[in-house]
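> This is the structure, below, for whatever I ask next.
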Amino acid sequence: MELLTDSLLLARLQFAFTALFHIIWPVLSIGLSLFLLLLEILWLKTGDVDYYRHLRFWIRLFLLNFVIGVVTGLPLQFEFGTNWAPFAKAAGGFFGSVLGFEATMAFMLEAGFLGIMAFGWNRVSPAIHLFSTAMVAVGASLSAFWIMSANAWMQTPAGGHMVDGSFVIESFFQAIFNPNMPIAVSHMWLACLETTLFVIGGISAWYILRRREGAFFLKSFRLVLLGVLIVTPLQILLGHSSSIALFEQQPIKAAAVEAHWQTNPPDTGAAWSLLAWPDQEAQANKWSIEIPNALSLLVTQERYGEVKGLRDFPRMDQPPALPLLYYSFRIMVVIGFYLFFLAGWSLWLWYRGNLSSHHIGSRKGLLRLWVAAIPLGYIAVECGWIVREVGRQPWAIYGLLRTVDSASPLPAATIAASLVGYVVIYTILLATFIVFARRILEAGPDMALQPTSQHSDQCEAG
């Protein structure tokens, strides 16, 4: 039993490491593919060659990111069969089908048109090239839909029931469109857009700070500002909706995220802890800074609305690592509001005329904040994923299959060896990405690049 416990911990660590590392790359692929589509539409519509040069420049980063994403994603598929064979057997009827949908409908669509988008400039017509870029963007977003649908099903399983340890599907539609799916897909998709916008904006600000093609990158910076005007407030609203849904669908996870231990009695509102240190052994917080009635107002929209506490649930059903869960959620929220206020400040300065080509160079503080914001979206996504996955524990399929019953009975030494191997390989891949990304950024855009006559004629016709 001790060996199995060690194996379970190592298997969870391995999947957590590979998943948290892999998720970095699809986030940018999804958002950047949509940005590339926007650039190509603007170029064909306006004939402005700067949009064409932007398109060719950002495609290079997209291709590098895409390759690393594919390589780091492959091991996750195999881990289900090696480290999590009982889970694969129990959930394979639905989970395996959805992963198959993702591979055939989404990944193959994206990969199939990727070559045309990247290398078809002088080989296909502008319309075909635009269609290819659109298909890459659709494939990337469709991939997010299927992956998040599968994960949402693990959070709120629907569309069937367990028979002899296996989930039998009665309705694929209900399983795919399970209760958690709409908010999960939309929240994650917007997170991809928000992260990408601040990556593009931060890189553009970096070039402007270095006085390299300032007018050129001011265009991408302004496009980003228009995007964050919509995305940042919408993401906050979706995040709030997701929290409310969490209390309805997974009350144990929700109580753990808020370190809320005791159900508030009638005529007493539940306090919201701004900061606290949850102690699972004592079933209480060691210390807490609270706002009276705030949790009731946030969750139920009533001052004295009832909010279930963790003590109402058996300890064996409570998530582990409560401080990690608690602070991951708060880091994600703080980053979300910080990016919202950074976007708002930037838009205010633009409205006041301080982001013109003549004044943008003097706003070094603002530009530095944008450069510093490049990793913040990634950190928020990672924290959100920790909340989502750690908070689901001790269940692999919420309420149906426990994680301890989902792991393969492999020797701990075997899993430890493969974990070390993954750490080494992924470190090399990260270093490789940094080296090549740095080369792309140091080289910068090719300002002498001109579209072919065929593409120029198409732009003039448009």
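The values are calculated or read from the model by the stated rules, or taken from the named source; none is laboratory data. None of these values were measured; they are calculated from a predicted model. Ideal geometry is used to build each Cβ from the backbone, glycine not excepted, and the neighbour counts take in all protein chains shown. Ligands, DNA and RNA are stripped out before the accessible areas are found, and what is left, the full protein with its side chains, is counted by its heavy atoms. Shrake-Rupley method; radii C 1.70, N 1.55, O 1.52, S 1.80 Å.
> Any idea which of (1) open to solvent by 20 Å² or more (accessible area, probe 1.4 Å); (2) in contact (Cβ under 8 Å) with a residue 60 or more places away in the chain; (3) more than 26 Å from Leu429 (Cβ to Cβ) is the one Met135 doesn't satisfy?
It fails just one condition, (2).
> Select from region 75-91 the residues that are under 14 Å from Ala407 (Cα atoms) and in a helix (DSSP H, G or I) and list them in ascending order.
Phe78, Glu79, Phe80, Gly81, Thr82, Ala85, Pro86, Phe87, Ala88, Lys89, Ala90, Ala91
> Another question, then. Tell me whether region 241-256 contains one or more residues that are part of a loop (DSSP other than H, G, I, E, B) and either within 15 Å of Pro320 (Cα to Cα) or touching a residue at least 24 places away in the same chain (Cβ under 8 Å) (or both).
Checking region 241-256: at least one residue is part of a loop (DSSP other than H, G, I, E, B) and either within 15 Å of Pro320 (Cα to Cα) or touching a residue at least 24 places away in the same chain (Cβ under 8 Å) (or both).
> Mind counting the residues in region 228-248 that are under 21 Å from Ala152 (Cα atoms) and either out of contact with any Ser or Thr (no Cβ under 7 Å at 6 or more places or on another chain) or at pLDDT below 90 (or both)?
Going through region 228-248 one residue at a time, the tally reaches 14.
> Hey, Ala118 hits all of (1) surrounded by fewer than 20 Cβ atoms within 10 Å (Cβ to Cβ); (2) more than 25 Å from the chain's Cα centre (by Cα) but one; which does it fall short on?
(2)
> Confirm whether Glu213 is open to solvent by 40 Å² or more (accessible area, probe 1.4 Å) and of a type in the set (Asp, Glu).
It is true that Glu213 is open to solvent by 40 Å² or more (accessible area, probe 1.4 Å) and of a type in the set (Asp, Glu).
> Being within 31 Å of the chain's Cα centre (by Cα), among the aliphatic types (A, V, I, L, M) and surrounded by 16 or more Cβ atoms within 10 Å (Cβ to Cβ) narrows it down to one residue among Leu297, Leu275; which is it?
Leu297
> When you check Val381 against the structure, is it in a helix (DSSP H, G or I), surrounded by 20 or more Cβ atoms within 10 Å (Cβ to Cβ) and out of contact with any Pro (no Cβ under 6 Å at 6 or more places or on another chain), yes or no?
Taking the combined requirement at face value, the residue satisfies it.
> Mind checking whether some residue in region 315-327 is open to solvent by 60 Å² or more (accessible area, probe 1.4 Å), over 30 Å from Leu223 (Cα atoms) and either charged (D, E, K, R) or modelled with pLDDT under 90 (or both)?
Yes, there is a match, as at least one residue in region 315-327 is open to solvent by 60 Å² or more (accessible area, probe 1.4 Å), over 30 Å from Leu223 (Cα atoms) and either charged (D, E, K, R) or modelled with pLDDT under 90 (or both).
> Scan Leu28, Leu20, Leu32 and give me the residue that is open to solvent by 20 Å² or more (accessible area, probe 1.4 Å) and part of a helix (DSSP H, G or I).
The match here is Leu20.
> Oh, and also: Are any residues in region 236-287 more than 15 Å from Arg388 (Cα to Cα) and of a type in the set (Lys, Arg), and if so, which ones?
Scanning region 236-287 gives a single hit, Lys286.
> Here's something else I'd like to know. Is region 112-130 home to any residue that is in contact (Cβ under 8 Å) with a residue 60 or more places away in the chain and under 30 Å from Ala431 (Cβ atoms)?
yes
> Could you tell me whether Leu42 is surrounded by fewer than 20 Cβ atoms within 10 Å (Cβ to Cβ), farther than 21 Å from Thr432 by Cβ and modelled with pLDDT of 90 or more?
Here the answer is yes, as Leu42 does meet what is asked.
> Identify, please: which residue in region 184-202 is open to solvent by less than 20 Å² (accessible area, probe 1.4 Å) and of a type in the set (A, V, I, L, M, F, W, C) and is, among those, farthest from Ile374 (Cα to Cα)?
Ala184
> Could you please give the count of residues in region 82-111 that are open to solvent by 50 Å² or more (accessible area, probe 1.4 Å) and either touching a residue at least 40 places away in the same chain (Cβ under 8 Å) or more than 30 Å from Leu441 (Cβ to Cβ) (or both)?
Counting residues in region 82-111 that are open to solvent by 50 Å² or more (accessible area, probe 1.4 Å) and either touching a residue at least 40 places away in the same chain (Cβ under 8 Å) or more than 30 Å from Leu441 (Cβ to Cβ) (or both) gives 6.
> Quick one: count up the residues across region 71-108 that are β-branched (Val, Ile, Thr) and farther than 26 Å from Leu9 by Cα.
The number of residues fulfilling the criteria is 2.
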